[in-house]
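> Here it is: the structure, laid out below.
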Amino acid sequence: MKKRKYELVYVLGEKAGDVDFQEVRDRLERIIKRFEGEIEAFEDWGQRKLAYEIEKNKMGYYFRIIFTALPAAQHEIHRVLRIDERVIRFLSLLKKEDKRHSQPEAKTRESAGEDNTAEKEVKEDKEDNAQLQ
């Protein structure tokens with residue numbers, strides 16, 4: 001399988017302390033490494049007021065991790081964060097590749113030998129419209 005790039009933001013409750021911050025971070029690092037991944041960036045956004053109360057918390061400690069790993073890492077991270085009572089919210093995103101450095105999709109399809117039926121249909125429709133006028 002191919003490694004993918006992810007962004008994870010998680011929030012710990014206001015009662016969490018430095019030990020909790022480090023324990024959660026260490027656990028996530030171990031999971032990422034177990035799935036052949038590496039952390040590109042880790043950011044501590046600090047304590048912020050929540051938009052609404054979550055599990056009797058009005059404040060939360062925000063953290064962000066950008067990492068690459070196998071897709072199975074994502075499932076394990078979700079499982080662990082759902083179980084951990086210190087984590088009150090999390091959101092993970094699959095980061096898209098930078099398209100400026102990759103080949104355009106049409107060229108990739110043509111080189112792979114796939115037929116472009118949708119493109120052919122559009123071309124035929126244009127030709128039919130031109131004949132009608």
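> Of the residues that make up segment 9-18, is at least one of a type in the set (Ser, Thr, Tyr) and either more than 19 Å from residue 75 (Cα to Cα) or outside any strand (DSSP E or B) (or both)? Give the steps one after another, and end with the answer.
The initial filter retains those residues of segment 9-18 that are of a type in the set (Ser, Thr, Tyr), namely 10.
Add one more test, that the residue is either more than 19 Å from residue 75 (Cα to Cα) or outside any strand (DSSP E or B) (or both), and what stays is none.
No, segment 9-18 contains no residue that is of a type in the set (Ser, Thr, Tyr) and either more than 19 Å from residue 75 (Cα to Cα) or outside any strand (DSSP E or B) (or both).
> Restricting attention to segment 1-52, which residues are under 16 Å from the mean Cα position of the chain (by Cα) and loosely packed, with under 15 Cβ neighbours inside 10 Å?
Within segment 1-52, 2, 38, 40, 41, 42, 43 qualify.
> Of all residues in segment 71-90, which are over 19 Å from residue 22 (Cα atoms) and either modelled with pLDDT of 95 or more or surrounded by fewer than 17 Cβ atoms within 10 Å (Cβ to Cβ) (or both)?
Of segment 71-90, the ones over 19 Å from residue 22 (Cα atoms) are 71-75.
Within segment 71-90, 71, 72, 75 meet the criteria.
The values are calculated or read from the model by the stated rules, or taken from the named source; none is laboratory data. If you're wondering where the values come from, they're calculated on a predicted model, not measured in any experiment. Note that we place each Cβ from the backbone using ideal geometry, even for glycine, and neighbour counts take in every protein chain shown.
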